[in-house]
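Participant: Provided herewith is a single structure, encoded as structure tokens, for subsequent inquiry.
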Amino acid sequence: MTPLVVSPGRALQGVLRVPGDKSISHRGAIIGAIAHGTTRVSGFLQADDCRSTLRCLRAAGVPIDERVDEIEVRGRPLQEPEEVLDVGNSGTTIRLLAGVLAGHPFHSVLTGDASIRRRPMDRIADPLRRMGARVSGRQGGRLAPLAIDGGRLSGIDYATPVASAQVKSAVLLAGLFAAGPTSVREPAQSRDHTERMLGVFGAAVERDGLTTRLRGPVALRAAQVRVPGDFSSAAYFIVAASLVPGSRVEIRDVGLNPTRTGLLDILTMMGARVEVADLREEGGEPVGTVAVRATPLHGAVIGGDLVPRAIDELPVLAVAACLAEGETVIRDAAELRVKESDRVEALARELGRLGARVEPRPDGMVIAGGRPLRGGRVTSGGDHRIAMSLAVAGLCAGGSVTVDDPGNIETSFPGFAEALRRATGG
Ligand code: S3P
């Protein structure tokens, strides 16, 4: 794969739009597959991760038609797949589908690429077992491949030890097929797209603080889903435009669900000039415009409830922190170590190659800001968010930055390099 080469210095300008939200695209396909009738998902993200979800659903007998940026899913009871379901690099696919499959009276096996096979699956296997499914995997069910024998579930009250939308969603999706109430209590609010979408598909979902509850079994009805632009993809442009002097951009039609927009709060704390406009609700999700202008930033302490609201944006925030004046501390973010890669180690190592001082901590990192970045050669380590964050670093470095192994960007943001080129007028 050709490396991605980013040269510094050019300001970002103009009006941009980003591809569809990955989390909402997965959910539109999965929830559509188990609802009665035909669901249309417009603005569906045609990226590797979401294609993995479609491939797995088809293998379980779900007919799906694909058009340019829309899919049509004909919901039906899933069938026992003849083959092993391969989720590729997608954590959302394996964990949410495990929840759905736990509700079906057949045998299925889920696996994925090397990164997926390293990531913790006990966080979903444990509650699904408590609901009555048989779930086994490597290392006592901790690692994929996972084998699931589902059906005949009972609802549970589950207090999850991690603030994870994937865990919450797996349990709630299984709860749709279970007898009686299922509730999930989380230690901090994680993204709530599943709860919102289940409501649109006719489920009665109650929310009380950090607890979400539904009563199974639930018969879902097909719905129309409109997918907004992915805030996590917009994040690279928001941070880049904050950092590169002279930049001024507007990102339109982007999802602004408050469980996802911690980055805006953190950047504001760091002195950035970010504004939200044209805020409206579409299909149960807040959508609007983010306008950003470059301005000098200062360091911040990032922890607590902000972390799950910005979990996927912490890598690009680390780049902002390198260039901000003073120190930035990221804490309560041990989850960063179990993403597509160990993002704490990846950021410390790769930003270090560009002259940054990033000290890894068990639950985050300490970044000494105000040191200029230099050009150099870095690697994504196969992680899309590390690749795109390093590309943003390249816009702000003293020389060009070559990012090796950028192919994984296709998992979430097809056309990223081209979008960056256009925004910088290059
Ligand atoms: C996602 C939830 C988050 C996030 C991931 C997508 C989702 O993971 O990091 O990229 O679509 O539910 P956790 O739920 O494990 O925190």
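The values are calculated or read from the model by the stated rules, or taken from the named source; none is laboratory data. In this text, all values refer to a predicted model and were calculated from it rather than measured experimentally. Methodologically, a virtual Cβ is constructed for each residue, glycine included, from the backbone with ideal geometry; neighbour enumeration extends over all protein chains shown.
Residues checked against (1) in contact with a Pro (Cβ under 8 Å, 6 or more places away or on another chain); (2) part of a helix (DSSP H, G or I):
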{"position": "Thr328", "(1), (2)": "no, no"}
{"position": "Ser341", "(1), (2)": "no, no"}
{"position": "Val344", "(1), (2)": "yes, yes"}
{"position": "Ser389", "(1), (2)": "yes, yes"}
{"position": "Ala393", "(1), (2)": "no, yes"}
{"position": "Ile409", "(1), (2)": "no, yes"}
{"position": "Phe413", "(1), (2)": "yes, no"}
{"position": "Arg422", "(1), (2)": "no, yes"}
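Participant: Residues of the range 7-21 being of a type in the set (D, E, K, R) and crowded, with 24+ Cβ neighbours inside 10 Å, which ones? Reasoning before the result, please.
Facilitator: Narrowing the range 7-21 to residues of a type in the set (D, E, K, R): 10, 17, 21.
Within the range 7-21, just Asp21 meets the criteria.
Participant: While we're looking at this one, here's another question. For the range 113-135, which residues satisfy the criterion of being over 18 Å from Leu172 (Cβ atoms) and either β-branched (Val, Ile, Thr) or assigned by TED's automatic domain parsing to the domain that holds Leu336 (or both)?
Facilitator: Correct list: Ile116 only.
Participant: Next question. Return a yes/no flag: does the range 224-233 have any residue that is within 15 Å of the ligand (Cβ to nearest atom) and either without any contact (Cβ under 8 Å) to a residue 12 or more places away in the chain or more than 30 Å from Ala291 (Cβ to Cβ) (or both).
Facilitator: No: the range 224-233 contains no residue that is within 15 Å of the ligand (Cβ to nearest atom) and either without any contact (Cβ under 8 Å) to a residue 12 or more places away in the chain or more than 30 Å from Ala291 (Cβ to Cβ) (or both).
Participant: Go through Ala188, Ala203 for me and flag whichever is farther than 30 Å from Thr424 by Cα, small (Gly, Ala, Ser) and within 14 Å of the ligand (Cβ to nearest atom). Don't jump to the end; show me each part of the working.
Facilitator: Values: Ala203 fails: within 14 Å of the ligand (Cβ to nearest atom).
Testing whether each residue is farther than 30 Å from Thr424 by Cα, small (Gly, Ala, Ser) and within 14 Å of the ligand (Cβ to nearest atom) leaves just Ala188.
Participant: Please give the strands (runs of 3 or more DSSP E) falling wholly within the range 1-95 in which 1 or more residues are within 16 Å of the ligand (Cβ to nearest atom) and not basic (Lys, Arg). Walk me through it before giving the result.
Facilitator: Working: elements: 4-6, 13-16, 37-42, 64-66, 70-75.
Here the list reads 37-42.
Participant: Report yes if Arg385 is of a type in the set (D, E, K, R), modelled with pLDDT of 95 or more and over 24 Å from the mean Cα position of the chain (by Cα), otherwise no. Lay out the reasoning, then the answer.
Facilitator: Values: of a type in the set (D, E, K, R): yes; modelled with pLDDT of 95 or more: yes; over 24 Å from the mean Cα position of the chain (by Cα): no.
So Arg385 fails the test.
Participant: Picking from Arg207, Arg226, Arg215, Arg221, which residue would you name as being in contact with a Phe, Trp or Tyr (Cβ under 8 Å, 6 or more places away or on another chain) and of a type in the set (Lys, Arg)? I'd like the intermediate steps shown before the answer.
Facilitator: Working: Arg207 fails: in contact with a Phe, Trp or Tyr (Cβ under 8 Å, 6 or more places away or on another chain); Arg226 fails: in contact with a Phe, Trp or Tyr (Cβ under 8 Å, 6 or more places away or on another chain); Arg215 fails: in contact with a Phe, Trp or Tyr (Cβ under 8 Å, 6 or more places away or on another chain).
None of the other options fit; the residue is Arg221.
Participant: A further question on this structure: Could you list, in sequence order, all residues of the range 197-222 that are in contact (Cβ under 8 Å) with a residue 40 or more places away in the chain and in contact with an Asp or Glu (Cβ under 6 Å, 6 or more places away or on another chain)?
Facilitator: Within the range 197-222, Thr212 is the sole residue that qualifies.
Participant: Let me ask something else about it. With the requirement that a residue be surrounded by fewer than 20 Cβ atoms within 10 Å (Cβ to Cβ) and hydroxyl-bearing (Ser, Thr, Tyr), what does the range 291-348 give you?
Facilitator: Residue satisfying the conditions is Thr295 alone.
Participant: Please find, among Ala203, Ala147, Ala165, the residue that is surrounded by fewer than 20 Cβ atoms within 10 Å (Cβ to Cβ) and under 25 Å from the mean Cα position of the chain (by Cα).
Facilitator: On the way: Ala203 fails: surrounded by fewer than 20 Cβ atoms within 10 Å (Cβ to Cβ); Ala165 fails: surrounded by fewer than 20 Cβ atoms within 10 Å (Cβ to Cβ).
Sole residue among the options that is surrounded by fewer than 20 Cβ atoms within 10 Å (Cβ to Cβ) and under 25 Å from the mean Cα position of the chain (by Cα): Ala147.
Participant: Looking at the range 147-161, can you tell me whether even one residue there is at pLDDT 95 or above and within 14 Å of the ligand (Cβ to nearest atom)?
Facilitator: Among the residues of the range 147-161, at least one is at pLDDT 95 or above and within 14 Å of the ligand (Cβ to nearest atom), which makes the answer yes.
Participant: List, please: which pairs have Cβ atoms under 9 Å, are six or more places apart or on different chains, and start with a residue in the range 316-339 that is on the phi < 0 side of the Ramachandran plot and end with one that is aromatic (Phe, Trp, Tyr) and surrounded by 18 or more Cβ atoms within 10 Å (Cβ to Cβ)?
Facilitator: Pairs that qualify, where the first residue is on the phi < 0 side of the Ramachandran plot and the partner is aromatic (Phe, Trp, Tyr) and surrounded by 18 or more Cβ atoms within 10 Å (Cβ to Cβ), are Val316/Tyr236.
Participant: I've got another one for you. Of the conditions (1) within 16 Å of the ligand (Cβ to nearest atom); (2) among the acidic types (Asp, Glu); (3) part of a strand (DSSP E or B), Glu359 fails just one. Which one is it?
Facilitator: All conditions are met except number (1).
Participant: When the range 107-146 is examined, which residues are found to be assigned to a strand (DSSP E or B) and more than 15 Å from the ligand (Cβ to nearest atom)? Steps first, answer last, please.
Facilitator: So in the range 107-146, the residues assigned to a strand (DSSP E or B) come out as 107-111, 134-137, 143-146.
Residues satisfying the conditions are His107, Ser108, Val109, Leu110, Thr111, Arg134, Val135, Ser136, Gly137, Leu143, Pro145, Leu146.
Participant: In the range 356-368, which residue that is within 20 Å of Met388 (Cβ to Cβ) and over 22 Å from the mean Cα position of the chain (by Cα) is surrounded by the fewest Cβ atoms within 10 Å (Cβ to Cβ)?
Facilitator: Val358
Participant: When you look at Arg252, is it part of a loop (DSSP other than H, G, I, E, B), within 19 Å of Ser412 (Cα to Cα) and charged (D, E, K, R), yes or no? Write out each step before concluding.
Facilitator: Details: part of a loop (DSSP other than H, G, I, E, B): no; within 19 Å of Ser412 (Cα to Cα): yes; charged (D, E, K, R): yes.
For Arg252, the condition - part of a loop (DSSP other than H, G, I, E, B), within 19 Å of Ser412 (Cα to Cα) and charged (D, E, K, R) - is not met.
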